[in-house]
Amino acid sequence: MYKIYIVEDDPALAQALKNAISKWDFEVHCASDFSDITSEFSRIDPHLVIMDMTLPFFNGCHWCMQIRKLSEVPIVFLSSAADNMNQVMAMNMGADDFIAKPVDTAVLIAKIQAVMRRCYEMAQPAPILSHEGLVLDLGGSVVSFEGKTLELTKNEFRILQTLLENKGHIVSRDTLMLRLWQADCYVEENTLTVNVTRLRKKLAELGVNDMIKTRVGSGYIIEV
């Protein structure tokens, strides 16, 4: 699994970036000691660094230069000051790309994948979603766990995909019904309940129990 090291001193933004990137099956670490980024970098040994421009103690350009003494790992800069000077400075320090704040996570993911492919000849990322060993193959509509694999119906697949894409957050019944309705005909509430029950039974066959939690009056959640 490819490792990504986020050097961002805004805890909320760092966590949001970590959550978004982790969904694409990367192992993500956030900086904790901004006075010694190089030591953390060496310990984590990441495949890519996401570096904020403005940081405590020393700015991102300083740490970029220090990392470049140790490694040619790709570095993507973040900055709220998206002007030409900062971009030129970052590139001159050895950065591979530059993203302006506020960060569009879709753009960030696309840039990460492009840089990783360029630097590691990485194949197109496998179309999967995963959680605690459970793997959903987005291309084949199958789910696997510890070597066992089961096929899902279209509705079971869409329900699990939606919950995995939003793991850690409650997904309303209305949202799930809309996800199913967009592909087929109208879905009644009872039909959704039946499909969730069947999906739970299939996951139990794989040895995965109680992953999908019900929040009465709200919807369903896969907790993290």
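Coordinate-derived values only; no laboratory data. Worth saying up front: this structure is predicted, and the values here are computed from it rather than measured. In this analysis, Cβ positions are derived from the backbone assuming ideal geometry, glycine residues included, and neighbour counts consider all displayed protein chains.
Full extension from residue 190 to residue 27: what is 0.36 nm times the residue separation minus their Cα-Cα distance, to one decimal in nm? All intermediate terms of the calculation are to be shown ahead of the outcome.
Working: separation 163, 0.36 × 163 = 58.68 nm, distance 3.82 nm.
Separation in residues times 0.36 nm, less the Cα-Cα distance, equals 54.9 nm.
Report the paramagnetic label zone for residue 62: residues of region 28-42 whose backbone N is under 12 Å from a point 7 Å from Cα along the Cα-to-Cβ axis.
Under cut-off, by backbone N: 34-38.
Shape call for the chain from the C-alpha gyration tensor, a ≥ b ≥ c root eigenvalues: rounded (a/c under 1.5), prolate (a/b greater than b/c) or oblate?
Details: a/c = 2.51, a/b = 2.21, b/c = 1.13.
Prolate shape, in that a/c is at least 1.5 and a/b is the bigger ratio.
With n ≥ 4 as the cut-off for DSSP H runs, can you work out [θ] at 222 nm for the chain, using -39500 (n - 2.57) per run divided by the number of residues, rounded to the nearest 500? If you can, show how the numbers build up before the last one.
Details: 8 runs with 93 residues, N = 224.
Only helices count here, giving -13000 deg cm²/dmol.
Convex hull over the Cα atoms of region 3-120, averaged projected area in nm²? Mind dumping the intermediate values first?
Details: hull surface 25.6 nm².
In nm², the orientation-averaged hull projection of region 3-120 is 6.4.
Name the residue from 216, 70, 192 whose Cα lies farthest towards the positive end of the charge dipole of the chain, charges +1 on Cβ of Lys and Arg and -1 on Cβ of Asp and Glu.
Going by the charge dipole, the pick is 192.
Taking the Cβ of residue 52 as the centre, find all other residues whose Cβ is under 10 Å away and add up their charges (Lys, Arg: +1; Asp, Glu: -1).
Numbers: positive: 101; negative: 8, 9, 10.
Local charge sum for residue 52: -2.
How many nm separate the modelled label positions at residue 42 and residue 101, each set 7 Å beyond the Cα in the direction of the Cβ?
The two pseudo-label positions are separated by 2.9 nm.
Rounded to the nearest angstrom and ordered from largest down, what semi-axes does the equivalent ellipsoid of region 128-222 get from its C-alpha gyration tensor (root of 5λ)?
Details: eigenvalues 81, 43, 29 Å².
They are 20, 15, 12 Å, listed from largest to smallest.
What does the charge dipole of the chain about its Cα centre add up to, to the nearest 20 debye, if the Cβ of each Lys and Arg holds +1 and the Cβ of each Asp and Glu holds -1? Walk me through the intermediate numbers first.
Numbers: 22 positive and 29 negative charges, 100 e Å.
Rounded to the nearest 20 debye, it is 480 debye.
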